[in-house]
Amino acid sequence: MANPYHHALSSVKKWGGSVDDCMAVHNWFDASKRITADFRHRALRHHTEGIFMAETIFGPTLTLSSGRIIPTRCVGEQHVIEDLGFIPSFADWVRCMRPEPWMGRAQRLEKEIDSAFASSTSAETG
């Protein structure tokens, strides 16, 4: 599947209703294409946590135009399985990322706090 519309057509085939009934959920899963327009966009939402996040955003169930009520989680699972063939965890995605030096680089927080505190107290006493 390459497009949320095609996922929505698949949802209609599976549960009935209309394309518009599940379109928002499928659009949400693929919205990360705005960041990177290749398969790597899936690392942001195409996993177990992403499916639960969709349920939090769209509610636990969706009411189709036919009146049928289906679990939102099922729509998320359908989307991810159609794209990947299974439902990975976020940890599965992270294991495939190559750590780079900049990812772990950090400054000591107390140094930043000390300099910010020093400049604010000198302004108050000056």
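All of the numbers you see were taken from the coordinates with simple rules; none came from a lab. Everything quoted here is computed from the prediction, not taken from an experiment. Positions of Cβ are backbone-derived with ideal geometry, glycine not excepted, and every protein chain shown enters the neighbour counts.
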*Other-chain or far-sequence residues with amide H under 5 Å of Thr61's (modelled H)*: Thr72
*Mind jotting down a quarter of the surface of the convex hull over the alpha carbons of the range 67-106, in square nanometres, one decimal?*
4.8 nm²
*Normalise the Debye intensity by I(0) for the range 38-96, one equal point scatterer per Cα, no solvent, then take log10 at q = 0.12, 0.15, 0.19 Å⁻¹ and round to two decimals.*
-0.30, -0.45, -0.67
*For Phe39, put the label point 7 Å out on the Cα→Cβ axis and report which residues of the range 1-21 keep their amide N under 14 Å from it.*
1-2
_Linear extension gain, Glu77 paired with Arg98, 0.36 nm per residue minus alpha-carbon span_ = 4.9 nm
*Give, in whole angstrom and from largest to smallest, the semi-axes √(5λ) of the equivalent ellipsoid of the chain, with λ running over the eigenvalues of the Cα gyration tensor.*
43, 19, 12
*Expressed as an acute angle from 0 to 90° and rounded to the nearest 10, what is the orientation of the C-alpha long axis of helix 4-15 relative to the principal long axis of the chain?*
50 degrees
*Efficiency of FRET from Cβ geometry, Asn27 and Ser89, R₀ 30 Å, rounded to 0.05*: 0.80
*Dipole size in debye (nearest 20) for the chain around its Cα centre, Lys and Arg Cβ +1, Asp and Glu Cβ -1?*
360 debye
